[in-house]
Amino acid sequence: MTTPLLLDALAGRTTARPPVWFMRQAGRYLPEYRALRSEASDFIAFCLNPEMAAEATLQPMRRFGFDAAIVFADILLIPRALGQDVWFETGEGPRLGDMPPVGRMSELAEGAGEHLHQIGQTLSLVRAQLEPERALIGFAGAPWTVATYMLDGGKNTIGKGERASARSYAYSDPDTVDGLLAVLVEATARYLKMQADAGAQVLKIFESWAEGLPDDLFERLVLNPHKALVARTRELGVTVPLIGFPRGSAVHAARYATEVDVQAVALDTACPLATGREVQTIKPIQGALDPLLLRAGGKALDARVDQLMEAWGDGLWIFNLGHGILPDVPIAHVEQVLKRIGAQ
């Protein structure tokens, strides 16, 4: 049986070309996705419908033949498993109700995987239909990123880009924030184990809000919870490779790669090429094409793809975006990239 190219790279084996998949590759830029989404009553219902979520996961695989599929889900399913209301406002994004007491959520953490069993069903459906040479990725939001939404109720009314409200809590009420992070480590580890048991061959930890943190907060809110999450996930018997994505923290990327026992580090669009090369000497990297450039296309897109290939292509590297694909990206531009790197 052919080993998926992504698994070869994560195991440290040289590949003829970089494996390629895109964050948010199942989504609104695909007409078939938009048609499918119109059949669901709301976004959460869509995520928790295994047949529909499996179809969304497989759509980009049929169209583009990426080297990996990533399960269609959302990072804010974990708060639901911990008793917090979560919903999505059309055109505005996620909203959350009042956060339950940390002690109450702690009682629910162990059952997070079971509570979200529909995601496991989705993974099983996809794995049964996916070619053996394609890898299947599961994922979860990292503790700090999920905590920012839980603490703020999704309003993000102050300093949205920096998650200022949640960061203020980290300073003013450290016991609550640290307690919440500990609960999220346990709940997320259980959730990741469920996904691995259901057929996920790779697991990714999305830390979307690692940016803008001073050294001490980065260590406390990102580095230490990631270490604890990886350790707890392994304690639960999970053996599949893990990819960590501390978005917006290139200055800490080498330290993250050294101290967190993930098998690869995903890099965002602002990560310097030299930093990527440095991290690549420690472990495989993933990233970091700008989604805005993917949307723009043309000669500039070809030039950046070539630049990334020249800088990182001789090492262990997974070709990806530095953040999620945008809803208005032309399909032809995705095909342009895949042809450029020899994946189509």
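Structure above, values below:
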quantity	calculated
Verdict on VAL329 being touching a Lys or Arg at 6+ places or on another chain (Cβ under 9 Å), within 22 Å of PHE72 (Cα to Cα) and either touching a residue at least 40 places away in the same chain (Cβ under 8 Å) or among the acidic types (Asp, Glu) (or both)	yes
Residue, surrounded by the fewest Cβ atoms within 10 Å (Cβ to Cβ), within the range 101-121, restricted to residues that are more than 17 Å from LEU236 (Cα to Cα) and small (Gly, Ala, Ser)	GLY103
Number of positions in the range 67-79 that are part of a helix (DSSP H, G or I) and under 16 Å from the mean Cα position of the chain (by Cα)	2
Unique match (being more than 20 Å from ALA187 (Cβ to Cβ), under 17 Å from the mean Cα position of the chain (by Cα) and not β-branched (Val, Ile, Thr)) among GLY298, GLY287	GLY287
Filter pass, GLN344 being surrounded by fewer than 22 Cβ atoms within 10 Å (Cβ to Cβ), within 26 Å of GLY212 (Cβ to Cβ) and among the polar types (S, T, N, Q)	no
Any hit, the range 229-242, residues being among the hydroxyl-bearing types (Ser, Thr, Tyr) and not in a helix (DSSP H, G or I)	yes
Boolean, MET99 is more than 22 Å from the chain's Cα centre (by Cα), in a helix (DSSP H, G or I) and under 17 Å from VAL146 (Cα atoms)	no
Residue satisfying all of: in the range 143-163; at pLDDT 80 or above and among the hydrophobic types (A, V, I, L, M, F, W, C); farthest from the chain's Cα centre (by Cα) among these	LEU151
Tabulated pairs, the range 1-21, first modelled with pLDDT of 95 or more, second of a type in the set (Ser, Thr, Tyr) and assigned to a loop (DSSP other than H, G, I, E, B), C-beta under 7 angstrom, 6+ apart or interchain	LEU5/THR15; ASP8/THR15; ALA9/THR15
Among (1) among the β-branched types (Val, Ile, Thr); (2) farther than 19 Å from ALA9 by Cβ; (3) surrounded by 17 or more Cβ atoms within 10 Å (Cβ to Cβ), the one test that VAL251 misses	(3)
Considering residues of the range 80-90 that are outside any loop (DSSP other than H, G, I, E, B) and in contact with an Asp or Glu (Cβ under 8 Å, 6 or more places away or on another chain) only, the residue surrounded by the fewest Cβ atoms within 10 Å (Cβ to Cβ)	TRP87
Subset of the range 271-310 that is in a helix (DSSP H, G or I) and of a type in the set (S, T, N, Q) - its residue that is surrounded by the fewest Cβ atoms within 10 Å (Cβ to Cβ)	GLN307
Condition broken by GLY93, with the remaining ones in (1) within 26 Å of GLN286 (Cβ to Cβ); (2) modelled with pLDDT of 95 or more; (3) surrounded by fewer than 20 Cβ atoms within 10 Å (Cβ to Cβ) satisfied	(2)
Some residue of the range 188-200 being buried (at least 18 other Cβ atoms within 10 Å of the Cβ), part of a loop (DSSP other than H, G, I, E, B) and hydrophobic (A, V, I, L, M, F, W, C)	yes
Test result for GLY179, in contact (Cβ under 8 Å) with a residue 60 or more places away in the chain and surrounded by fewer than 22 Cβ atoms within 10 Å (Cβ to Cβ)	yes
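Let's see how each residue does on (1) in contact with a helix residue (DSSP H, G or I) (Cβ under 9 Å, 6 or more places away or on another chain); (2) of a type in the set (Asp, Glu):
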| residue | (1), (2) |
| --- | --- |
| GLU211 | yes, yes |
| PRO214 | no, no |
| ARG232 | yes, no |
| GLU235 | yes, yes |
| ARG247 | yes, no |
| ALA254 | yes, no |
| GLY276 | yes, no |
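The values are calculated or read from the model by the stated rules, or taken from the named source; none is laboratory data. Please read these numbers as outputs of a predicted model, since none were measured by experiment. Positions of Cβ are backbone-derived with ideal geometry, glycine not excepted, and every protein chain shown enters the neighbour counts.
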